[in-house]
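The values are calculated or read from the model by the stated rules, or taken from the named source; none is laboratory data. Remember, it's a predicted structure, so these values are computed and weren't measured experimentally. Cβ coordinates were reconstructed from backbone atoms using ideal geometry, including for glycine residues, and neighbour counts include every protein chain displayed.
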Amino acid sequence: MTDVVLPCLNEAPALPGLLSRMPAGYRVIVADNGSTDGSAEVARDLGAYVVTVPQPGYGAAVHAGILAASSSRSGDGDADDGIVCVMDADGSFDPAELPLVADPVRAGAARLVLGRRRPVTRGAWPPHARLGNAILAARLRRTTGLDVHDIGPMRAARRDDLLSLGLRDRRFGYPLELLVAAARAGWTVTEVDVAYHPRAAGTHSKVTGTVRGTARAIRDMSAVLAR
């Protein structure tokens, strides 16, 4: 059984469709980061394990979900493979593609696998967000030597490996700090193409939907590179 952490802030409209498409062998942990739209209740009603994360921030939600991966397995009788996937909860990714990122980790071909977003429609990834991502990825390649092109919000690694890195960022800098730390630790990091869809109706992006959100994420990530 593979755990899937969904960092969640007001994603109630997306959760039913998202959880209904989860492939067999993948168990959902919704890391609720202060939702006011009933996301936690919706997730519980759909059978997901929910952890409440009072500290605001994307990194805080992801970290809490990874920590909760062990407790979510308690007493369920399912064998665990130690792998944790992370995926946005807004419906922009297809859960059926989770094996694309998890299987190379399971096979030992990589320590960390990122989903490289391939937009399925013109509006799925706004130009300002795509440009910001490309700039950060280029800086990351120069700084670390990792051959990555997306600071991907869909990824997989082993839980113990992730915790061993001691990541500290609890905001939008978390994904970049993960990659920098993985490079320093000598991990094999690879990318696989995944489809990137428009968010589910009724959800609102915290990053890509607005120039302000993208600028905030770039600021947080730039601070990681500066360190």
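In the condition set (1) out of contact with any His (no Cβ under 6 Å at 6 or more places or on another chain); (2) part of a helix (DSSP H, G or I); (3) not polar (S, T, N, Q), ALA137 is compliant with all but (1).
Yes or no, residue by residue, for (1) of a type in the set (D, E, K, R); (2) outside any strand (DSSP E or B); (3) without any contact (Cβ under 8 Å) to a residue 60 or more places away in the chain:
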| site | (1), (2), (3) |
| --- | --- |
| ASP37 | yes, yes, yes |
| ALA43 | no, yes, yes |
| HIS63 | no, yes, no |
| VAL84 | no, no, no |
| ASP90 | yes, yes, no |
| VAL101 | no, yes, no |
| VAL105 | no, yes, yes |
| ARG117 | yes, no, no |
| HIS128 | no, yes, no |
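Of all residues in the stretch 107-148, those satisfying the criterion of being surrounded by fewer than 17 Cβ atoms within 10 Å (Cβ to Cβ), within 17 Å of TRP187 (Cβ to Cβ), touching a helix residue (DSSP H, G or I) at 6+ places or on another chain (Cβ under 9 Å) and at pLDDT 95 or above are ALA109, GLY145, ASP147. Checking each residue in the stretch 65-81 for being at pLDDT 95 or above and surrounded by fewer than 23 Cβ atoms within 10 Å (Cβ to Cβ) picks out ILE66, LEU67, ALA68. Residues that are among the aliphatic types (A, V, I, L, M) and either in contact with a helix residue (DSSP H, G or I) (Cβ under 8 Å, 6 or more places away or on another chain) or under 21 Å from PRO126 (Cβ atoms) (or both) within the stretch 167-184 comprise LEU167, LEU176, LEU178, LEU179, VAL180, ALA183, listed in sequence order.
Residues in the stretch 1-14 that are within 21 Å of LEU67 (Cβ to Cβ), of a type outside the set (S, T, N, Q) and within 16 Å of the chain's Cα centre (by Cα): ASP3, VAL4, VAL5, LEU6, PRO7, CYS8, LEU9, GLU11. Scanning the stretch 6-29 for residues that are in contact with a Ser or Thr (Cβ under 7 Å, 6 or more places away or on another chain), over 15 Å from ASP94 (Cβ atoms) and surrounded by 24 or more Cβ atoms within 10 Å (Cβ to Cβ) yields CYS8, GLU11, ILE29.
Each row is one residue, and each column tells you yes or no for (1) more than 20 Å from ALA64 (Cα to Cα); (2) at pLDDT 95 or above; (3) crowded, with 20+ Cβ neighbours inside 10 Å.
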position: PRO153; (1), (2), (3): no, no, yes
position: ARG171; (1), (2), (3): no, no, no
position: ALA183; (1), (2), (3): yes, yes, no
position: GLY186; (1), (2), (3): yes, yes, no
position: GLY202; (1), (2), (3): yes, no, no
position: GLY209; (1), (2), (3): yes, no, no
position: THR214; (1), (2), (3): yes, no, yes
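Restricting attention to the stretch 147-193, the residues being within 17 Å of ALA137 (Cα to Cα) and outside any loop (DSSP other than H, G, I, E, B) number 17.
Among the residues of the stretch 18-35, are any aliphatic (A, V, I, L, M) and free of Cβ contacts under 8 Å to residues at least 12 places away in the same chain? Yes: one or more hits.
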